Amino acid sequence: MANPSGDLQLIVPNLHKRYSGVTATNRMVAPRLARLLRAAWFGSDAPEGIARLSVGDLLKLWRRPVPLVWHARRNNEMIAGVALRALGWPLKLVFTSAAQRHHTWITRWLIRRMDAIIATSDVSASFLKVRATVIPHGVDIDVYAPPADRAAAFAETGLPGRYAIGCFGRVRAQKGTDVFVEAMCRLLPRFPDFTAVIVGAVTPEQMPFAAELKKRIEAAGLQSRIVITGELPIEAVQRWYQRLTIYAFTSRNEGFGLTLIEAMAAGAALVASRAGAAELVVEDGVTGVLTPPGDVDALAAALEPLMRDPASALAMGERGRERVMKNFSLDAEARRIGDVHRALI
């Protein structure tokens, strides 16, 4: 990048080796922020549309007279920011929190050293014990968009039936994958036009959990109609959203739950557990249906009317997309974060 010590205003660090939901949300909003401020990405998984800051570039910023923002999203990034500032880097520190839990002492200590705090929901803000600006995550409504022909998008998979119902995210109990599988084992025999799709990685530590799910699927004789894709490239995941008629968000607990707004933006009807930002995002009974976390009976009861009447599901999906376009676009998120940054520099 050209002369980073002279014109840089914002550093977006990503100090996490494994790709995660935090990385995904960071990658999406960072290029939009780069349109508003002179910004650079520091770390792995840099997206297109934002300059990259090398270690050498970072060293050139030592004792620069003009402050710049270091926007952390993890503890290690807050630690790095606090340490760099103590050593003479002219940093203003910002932290975004999506967690909906009480924080450890080290996180609380770090938060008190930030110059500004952003929370992704009112619930997340309530756990911070300091003043925070609430800015929900946004989604790229051009990328996450309804297909020209949803039936054709599903047909290209070669899967049985006419409609897809999906549950995305790493395969594990926290995401409620078992709740989804159990609901599908009850419902799919009654709705032969539907196939269920689980899109997400199975990590080595979750292999026993995934093996139990597969045993349950086999016992129900639904191996061809409950498909676990494993981890896919982001472009493939985006295409899978366009194949869905219904999306089930089944997390038992969540920070924000970006798949909520991704599925809604793509026009899928939504049934969501009351976890993460679901109650902020969903108008219950209008743009989705809310259920208690971990409740198979409630999930099945909410899904059944939508599976019985796919036209009503598609109508709900249209209302959901309208809500995302109005309240949860990526551009709106970037503008509000940019306002926080500008106030510091």
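The values are calculated or read from the model by the stated rules, or taken from the named source; none is laboratory data. Worth saying up front: this structure is predicted, and the values here are computed from it rather than measured. A quick note on method: Cβ atoms are made from the backbone with ideal geometry, for glycine too, and the neighbour counts reach across all protein chains shown.
If we scan region 227-244, do we find a residue that is under 30 Å from H102 (Cβ atoms), buried (at least 18 other Cβ atoms within 10 Å of the Cβ), within 22 Å of the chain's Cα centre (by Cα) and of a type in the set (A, V, I, L, M)?
Let us first name the residues in region 227-244 that are under 30 Å from H102 (Cβ atoms), namely none.
No, that holds for no residue.
Restricting attention to region 262-277, report how many residues are within 13 Å of the chain's Cα centre (by Cα) and at pLDDT 95 or above.
4
Keeping to region 115-146, report how many residues are aliphatic (A, V, I, L, M) and out of contact with any helix residue (DSSP H, G or I) (no Cβ under 9 Å at 6 or more places or on another chain).
Taking region 115-146 as the starting set, the residues that turn out to be aliphatic (A, V, I, L, M) are 116-119, 123, 125, 128, 130, 132, 134-135, 139, 141, 143, 145.
Add one more test, that the residue is out of contact with any helix residue (DSSP H, G or I) (no Cβ under 9 Å at 6 or more places or on another chain), and what stays is 125.
Count: 1.
Would you check if E48 is of a type in the set (D, E), farther than 28 Å from Q174 by Cβ and not assigned by TED's automatic domain parsing to the domain that holds G169?
Spelling it out, E48 is indeed of a type in the set (D, E), farther than 28 Å from Q174 by Cβ and not assigned by TED's automatic domain parsing to the domain that holds G169.
Is it true that some residue in region 172-194 is surrounded by fewer than 23 Cβ atoms within 10 Å (Cβ to Cβ) and small (G, A, S)?
The answer is yes; a qualifying residue exists.
Please go through region 158-169 and pick out each residue that is crowded, with 16+ Cβ neighbours inside 10 Å, part of a loop (DSSP other than H, G, I, E, B) and at negative phi.
Result: L159, single match.
In region 98-115, how many residues are under 26 Å from E333 (Cβ atoms) and either touching a residue at least 60 places away in the same chain (Cβ under 8 Å) or in a helix (DSSP H, G or I) (or both)?
Matching residues across region 98-115 total 9.
For region 116-140: of the residues being among the small types (G, A, S) and not in a loop (DSSP other than H, G, I, E, B), which is farthest from the chain's Cα centre (by Cα)?
Among them, the one singled out is A116.
Residue check, R27 against (1) charged (D, E, K, R); (2) crowded, with 18+ Cβ neighbours inside 10 Å; (3) closer than 26 Å to K129 by Cα, all met but one. Which one?
Exception for R27: condition (3).
Which members of region 75-103 meet the condition of being modelled with pLDDT under 95 and surrounded by fewer than 17 Cβ atoms within 10 Å (Cβ to Cβ)?
R101, H102, H103
Kindly provide the set of residues from region 173-193 that are within 16 Å of the chain's Cα centre (by Cα) and in a loop (DSSP other than H, G, I, E, B), ordered by number.
G176
Please specify each residue of region 195-209 satisfying the condition of being surrounded by fewer than 19 Cβ atoms within 10 Å (Cβ to Cβ), among the aliphatic types (A, V, I, L, M) and within 24 Å of E262 (Cβ to Cβ).
The one that is surrounded by fewer than 19 Cβ atoms within 10 Å (Cβ to Cβ), among the aliphatic types (A, V, I, L, M) and within 24 Å of E262 (Cβ to Cβ): A201.
I'm checking my understanding of the structure. Among residues of region 213-234 that are of a type in the set (A, V, I, L, M, F, W, C) and in a helix (DSSP H, G or I), which one is nearest to A265 (Cα to Cα)? Walk me through it before giving the result.
Here is the first cut: in region 213-234, the residues of a type in the set (A, V, I, L, M, F, W, C) are 213, 217, 219-220, 222, 226-228, 232, 234.
Checking which are in a helix (DSSP H, G or I) leaves us with 213, 217, 219, 234.
Details: L213: 29, I217: 30, A219: 35, I234: 16 Å.
For region 213-234, the residue satisfying everything is I234.
So I217 fits all but one of (1) within 23 Å of L258 (Cβ to Cβ); (2) among the β-branched types (V, I, T); (3) more than 23 Å from the chain's Cα centre (by Cα); what number is the exception?
(1)
Does P305 fit the bill of being surrounded by fewer than 19 Cβ atoms within 10 Å (Cβ to Cβ), farther than 26 Å from A153 by Cα and touching a helix residue (DSSP H, G or I) at 6+ places or on another chain (Cβ under 8 Å)?
The answer is no for P305.
Which of (1) under 22 Å from T120 (Cα atoms); (2) in contact with a Pro (Cβ under 9 Å, 6 or more places away or on another chain); (3) modelled with pLDDT under 95 does A72 not meet, given it meets every other one?
(3)
Considering only region 126-176, how many residues are without any contact (Cβ under 8 Å) to a residue 24 or more places away in the chain and small (G, A, S)?
Total satisfying the criteria: 6.
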